[in-house]
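The values are calculated or read from the model by the stated rules, or taken from the named source; none is laboratory data. For clarity, every value in this text was computed on a predicted model and none was experimentally measured. In this analysis, Cβ positions are derived from the backbone assuming ideal geometry, glycine residues included, and neighbour counts consider all displayed protein chains.
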Amino acid sequence: MPARFARIRIAGFKSFADATSIEILPGLTGIVGPNGCGKSNVVDALRWAMGEASAKSMRGGEMDDVIFAGTLSRAARSVAEVAISLTETAGLAPAPFQADAELQITRKIERGSGSTYRVNGRETRARDVATLFADLASGARNSAMISQGRVSALVNARPDERRAILEEAAGITGLHSRRHEAELKLRAAEQNLTRAEDLRAQQEARLADLQKQARQANRYRNLSGAIRDAETEYLATEHHIAEFRQRGAQAALAAAQTAVVVAQRERDDATQSERGQTDVLPALRARESEARTALERARIHLEHIDSEIKRIRTTRTEAETRLAALIRDHQHAERAATDSNDAKQRLIEERSRLEVERLAAPECLEAANTAADHAAAALQEAEGRAQSATEAAAHLAAAHQAITVRLKLARERATQARNRAEQAAVDHQRAVAELIPSERTAALDAARDAAVAAYQQAEAAQREAQAAVQAAEQARGDATGVAAALRTDSLAADSAVARIKVEVDALGAVLAQKFGREAEPLLDQISVPIGFENALGAALRDDLAASTQPTAPRHWRALRPVDVAHSLPSLSAHVEAPEALRRALDHILLLPEGADGDTLQQSLQPGETLVSIEGGVWRWDGYVTRAGAPSEAGLRLAQRNRLNQLRHDLSAATTEAARHKRERIEAEQAEHAARQAEELARTARKAADHHLDRARGETRTTTEAASRLAAEAERKTTRALAAADVVARLQADQVEAAATLATVESEFDALPDVTALRADVENTRARVIEARRAETEARHTVQRLTGEMEQRNRRLGSIDREIADWTERAADATSRITDLAARLREAHAALDSLPTDGNSADARDCARSALADAKDQHLAAAAALKAGEQQYESLTATLRQAEQRLSSEREALILAESNVREANFAWGTIAERILERFGVDPTLPPLTDPTPESAERARKRFERLTRERDEMGPVNLRAEIEVAEIEDRLAAIERERDEISAAIAKLRGSIGHLNREGRERLSTVFTEIDRHFQALFTRMFGGGRAHLALTGSDDPLEAGLEIFAEPPGKKLATLSLLSGGEQALTALSLIFAVFRCNPAPISVLDEVDAPLDDANVDRFCTLLEDMARETGTRFLVVTHHHLTMARMDRLYGVTMQERGISRVLSVDLGTATALVDQSVPIAAE
């Protein structure tokens, strides 16, 4: 065995508050102690340190429950730690512990912080620790950790769940987890590949969209310029139309105000007429009301008389109705008296007849009872004879049935065994025939290698094309950047030329206008440096408009200069002018910078003028002009200097613009060439991509086909081997079933015939049926006579009650006839006493005459009131019309005011919109055609252009940059997809290798375990036989493990059909068979001997000793059985001297026995 468990150290775990070490030595180590002292906590600590992650398996609600919770005398711990020491582990542990000969695996948990694992002091993942123990055929849930619940779980487990025992024995539990991890990685890689494909498709679609957007950008810009022009025209037209509507609304407002005044005057006249008629109406209404009241009184009196007549008639009708009802009741009472007497007579006659029948009934009943007793005795005798015959036939039939069932089962079993054997042979032949030839696998591998080589070549070509595209993109980007920069410079230069031209033209137009009225003004003959224009203009002003021609009305004449010494410089030193202006310029002095002109004015000589650069003037005679009010001459001089400077700048700017234009054209040509080169490179890359995709698809297809073929070949080979094993086992079952059938057939032939006995049974049953029928008829006769007697007696009693009842009814009818006769007499008297309606008719005629007079008076008053009301309504209608007209005029006034406000608002809105959109004063010059039609045409043109621009959708001006970015992403996606495809192929190969290795190891270990299991079963039971079988699938990795056992003296059956003790021993036999194949370094048996008797415990302990000696497994046995304790090599006693605190005491029984053996001779001496 490559590794050994040396010891376990427990600190703060459950009831082990103090640190405790338990040495795990070779042989059998027993753990004993009273219930509840903490024995199972030792087992839990071992399982917890091996990686148990379920708090429920640790018998807790959460994992923090494994930490010592404290007692009345001990505080709770916040940390629990369990360490397992392993020896002889060189080469078993994962990196970096492969060279370590000893390992200490420690699991530590801190309350509220979770668990950590350390291997030799270095923190490690829980998964790596679990894999380490799984590779050592151990682990928290390994089959070597055996408890009563684990044995029961093994017994009750499904076959596919029992397969885990085979995996542990084969040492592929860790392999299984690695395969599962590889499958998870494979699924993740396939999902990543799918996402990469989706992302590539998305990016390619995005690239096509961006190329379309780049083509739309230029059209978008052109439309934007046209839209601005159309909007300008539309808003200008709307502005003029709004002004026109504003003036029209104000005129309409004045007309509406005049109409309101006229309508108000008419309304006042109508109101006075309506008030006069209102005063007359109350008297007319009072007279009409009095007449209507008299009419109502007459009508009410007439209605009262009619009501009285109606009441009298109703009373007489009710009296006649009551009289008729009393007559009908009297006739009904006479008929009831007659019916009562007739019914009473019939009942008396029926009572006489029943008395005669009652006297003759006892004699008939006694005869019937005698006949029934004779029939019952005959039936009892026939049933006795039939029962004896039936029992004899039943015994023989049961024997025949039992042997028939056994014969049927034996024949079915033999037939099934033969059919299964034949089917297994057919399946084996089919599996052998379905084996894939090696030539097919080799051909597919060659095709895969060719596809891989083609893929590599295509990948190299694609990389070269990608590099070419990247170089072309770089060149195109550089050319685009240079062209964009030169295009910007060219536009700036053109803009500068245009701006200078506009200013030159404007200044030329201004200077072309004549200055003054003279033909050749002196101003045009003067050259003034920049900065001195305001000074010269302020000093001479309009005098510069004079001419130098002697014939002009205003002219300058040349005089000799006057030699005068000046303390300040004069303008003559700065201004180039004709000789006629020399004397004037010599006397115009220039104010030094920072000097005070008012101070220097005091020292000026006659004829001198002091000027400043800004245009201030101080003349010798006291005249002063402050700076800031430039003269026309100064402005003209400044404009002329500006024009000269602009002409010079225009020449330079034109030369610079021409140079920029040449450079721009050259750059655009270079950009166009770079774009063509890029398109060619992209076309080549697309062809390379297409070729690479095709090669990749062929590689993937051939690789997947090769993987599927290899997996299929492996599966079919496994199926053929499994089918051969099944054929051998089923042929042995067929021989056994044939022998059993021969034995049962010989027993069946030895049984006697039961036909005669069955005929005798049928005869006796017929006689019983006849006797039972006679007995039933006699009993029915007795029951009928008895029932008739009882019914007759009940009828005699009811006849007496009915006679008394009918007698009482006759008396009641007689009394009612007397009462009804008296009530008839009273009703006739009441009807005769009612009055007639003759007097009421006379009173009704008088009331009708009075009502007619009241109607005439009311009609006259109503006619007068109606005439007055009609006149009032006419005046009211006139007033209403006047008010309506006034209201209409006021509404028109309000509408006119609203129109004025709307017109003002519309004008203001248009003005604000113009100012907001263009920054232009809304007071625009009039247009040639400011009509609504022209505005509508401009609006439609603006909306059409806007709609065309909107229909284009959003335009991405960064399309070219984004195209380059997306192409880079596509290249990265292609590289990532290639890497994922390679990883998928590698993972599939790894999974196939793991599956092949797992099947080989599982098939090998199954045969070995089955052999050990058969031997151990016979040893544990002292006989019998058993075997294992794989069920549910031909693939060992998917098949279930079924256990078939035949204890001594019983038939072969599955594990679930055995008794409880047999199940436990069978399960232990399987567990120990696993030890034989892949011995675990440690095994924990937690009270598994509890259901066993002493004999089985002895066999169990002997087997443990043999297993410990043969396999080297170190057993930890938790037990209460004294025989098991006696067979241990050492004992650890777990006690709880302090309540809630577990302690461990140890005894080495082997050493103690040796000491006792040494002490015996000494005592004998």
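Taking the stated definitions as given, is ARG659 surrounded by fewer than 16 Cβ atoms within 10 Å (Cβ to Cβ) and of a type in the set (D, E, K, R)?
Yes.
Could you say which residue among ARG1076, ARG1109, ARG1099 is among the basic types (Lys, Arg), part of a helix (DSSP H, G or I) and closer than 30 Å to ARG999 by Cβ?
Residue meeting the stated conditions: ARG1076.
Does GLN191 meet the test of being modelled with pLDDT under 80 and under 40 Å from the mean Cα position of the chain (by Cα)?
No, not satisfied.
Taking the conditions exactly as written (in contact (Cβ under 8 Å) with a residue 24 or more places away in the chain, β-branched (Val, Ile, Thr), assigned to a strand (DSSP E or B) and under 30 Å from GLU1138 (Cα atoms)), does THR71 satisfy them or not?
Numbers: in contact (Cβ under 8 Å) with a residue 24 or more places away in the chain: yes; β-branched (Val, Ile, Thr): yes; assigned to a strand (DSSP E or B): no; under 30 Å from GLU1138 (Cα atoms): yes.
For THR71, the condition - in contact (Cβ under 8 Å) with a residue 24 or more places away in the chain, β-branched (Val, Ile, Thr), assigned to a strand (DSSP E or B) and under 30 Å from GLU1138 (Cα atoms) - is not met.
Kindly provide the set of residues from the range 593-636 that are among the hydrophobic types (A, V, I, L, M, F, W, C) and at pLDDT 75 or above, ordered by number.
ALA595, LEU600, LEU604, LEU610, VAL611, ILE613, VAL617, TRP618, TRP620, VAL624, ALA627
Would you check which residues across the range 802-817 are in contact (Cβ under 8 Å) with a residue 40 or more places away in the chain, farther than 11 Å from ASN341 by Cα and of a type in the set (S, T, N, Q) and list them?
Once the filter is applied, which keeps residues that are in contact (Cβ under 8 Å) with a residue 40 or more places away in the chain, farther than 11 Å from ASN341 by Cα and of a type in the set (S, T, N, Q), the range 802-817 yields only THR814.
VAL1084 versus (1) in a strand (DSSP E or B); (2) farther than 17 Å from ILE165 by Cβ; (3) of a type in the set (A, V, I, L, M, F, W, C): which is the lone unmet condition?
Among (1) in a strand (DSSP E or B); (2) farther than 17 Å from ILE165 by Cβ; (3) of a type in the set (A, V, I, L, M, F, W, C), the lone unmet condition for VAL1084 is (2).
Counting only residues that are among the polar types (S, T, N, Q) and either farther than 22 Å from ALA595 by Cβ or in contact with a Cys (Cβ under 7 Å, 6 or more places away or on another chain) (or both), how many does the range 523-576 have?
So the count comes out to 6.
If you go through the range 1023-1043 one residue at a time, how many are outside any loop (DSSP other than H, G, I, E, B) and either crowded, with 16+ Cβ neighbours inside 10 Å or in contact (Cβ under 8 Å) with a residue 40 or more places away in the chain (or both)?
Adding up the residues that qualify gives 10.
Out of curiosity, is ARG675 under 49 Å from the mean Cα position of the chain (by Cα) and of a type in the set (Lys, Arg)?
For ARG675, the condition - under 49 Å from the mean Cα position of the chain (by Cα) and of a type in the set (Lys, Arg) - is met.
Looking at the range 93-118, which of its residues are under 47 Å from the mean Cα position of the chain (by Cα) and over 20 Å from ALA19 (Cβ atoms)?
Applying the first criterion (under 47 Å from the mean Cα position of the chain (by Cα)) to the range 93-118 yields 93-97, 105-118.
ALA93, PRO94, ALA95, PRO96, PHE97, GLY112, SER113, GLY114 - these are the residues of the range 93-118 that are under 47 Å from the mean Cα position of the chain (by Cα) and over 20 Å from ALA19 (Cβ atoms).
Could you list, in sequence order, all residues of the range 878-891 that are at pLDDT 80 or above and within 30 Å of SER289 (Cβ to Cβ)?
The answer is none; no residue qualifies.
Can you name the residue in the range 541-590 that is of a type in the set (S, T, N, Q) and outside any strand (DSSP E or B) and is also nearest to GLU608 (Cα to Cα) among such residues?
Among residues in the range 541-590 that are of a type in the set (S, T, N, Q) and outside any strand (DSSP E or B), the one nearest to GLU608 (Cα to Cα) is SER567.
For the range 591-620, how many residues meet the condition of being outside any helix (DSSP H, G or I), exposed (fewer than 15 other Cβ atoms within 10 Å of the Cβ) and of a type in the set (D, E, K, R)?
Summing the residues that are outside any helix (DSSP H, G or I), exposed (fewer than 15 other Cβ atoms within 10 Å of the Cβ) and of a type in the set (D, E, K, R) in the range 591-620 gives 3.
Residue check, GLU951 against (1) at pLDDT below 75; (2) surrounded by fewer than 13 Cβ atoms within 10 Å (Cβ to Cβ); (3) more than 30 Å from HIS690 (Cβ to Cβ), all met but one. Which one?
Failed condition: (1).
Considering (1) touching a Leu at 6+ places or on another chain (Cβ under 9 Å); (2) surrounded by 15 or more Cβ atoms within 10 Å (Cβ to Cβ), say which one ALA375 fails and leave the rest.
Result: ALA375 fails condition (1) only.
Restricting to the range 303-317, and then to whatever is of a type in the set (Val, Ile, Thr) and surrounded by fewer than 12 Cβ atoms within 10 Å (Cβ to Cβ), can you tell me which residue is nearest to the chain's Cα centre (by Cα)?
Taking the range 303-317 and keeping what is of a type in the set (Val, Ile, Thr), we get 305, 309, 312, 314-315, 317.
Next, only the ones that are surrounded by fewer than 12 Cβ atoms within 10 Å (Cβ to Cβ) stay: 314, 317.
Working: THR314: 83, THR317: 85 Å.
Looking at the filtered set, the residue picked out is THR314.
Can ALA153 be described as under 20 Å from MET58 (Cβ atoms) and without any contact (Cβ under 8 Å) to a residue 12 or more places away in the chain?
Considered against the rule, which asks whether it is under 20 Å from MET58 (Cβ atoms) and without any contact (Cβ under 8 Å) to a residue 12 or more places away in the chain, ALA153 comes out as yes.
Determine whether the range 399-407 contains at least one residue that is surrounded by 12 or more Cβ atoms within 10 Å (Cβ to Cβ) and over 30 Å from LEU730 (Cα atoms).
Scanning the range 399-407 turns up at least one residue that is surrounded by 12 or more Cβ atoms within 10 Å (Cβ to Cβ) and over 30 Å from LEU730 (Cα atoms).
Every residue, every condition in (1) small (Gly, Ala, Ser); (2) touching a Phe, Trp or Tyr at 6+ places or on another chain (Cβ under 6 Å), yes or no:
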{"residue": "ALA3", "(1), (2)": "yes, no"}
{"residue": "ALA11", "(1), (2)": "yes, no"}
{"residue": "SER15", "(1), (2)": "yes, no"}
{"residue": "SER21", "(1), (2)": "yes, no"}
{"residue": "ILE31", "(1), (2)": "no, yes"}
{"residue": "GLY36", "(1), (2)": "yes, no"}
{"residue": "ALA45", "(1), (2)": "yes, yes"}
{"residue": "SER54", "(1), (2)": "yes, no"}
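Among the residues of the range 419-451 satisfying the criterion of being among the aliphatic types (A, V, I, L, M) and outside any helix (DSSP H, G or I), which is farthest from ALA724 (Cα to Cα)?
ILE436
Among the residues of the range 47-79, write down those that are hydrophobic (A, V, I, L, M, F, W, C) and over 42 Å from the mean Cα position of the chain (by Cα).
Answer for the range 47-79, where residues must be hydrophobic (A, V, I, L, M, F, W, C) and over 42 Å from the mean Cα position of the chain (by Cα): PHE68, ALA69, LEU72, ALA75, ALA76.
Which residue pairs have Cβ atoms under 7 Å apart, sit 6 or more places apart or on different chains, and have a first residue in the range 985-1010 that is farther than 25 Å from ARG1076 by Cβ and a second that is outside any helix (DSSP H, G or I) and at pLDDT below 80?
ASN995/LEU1037
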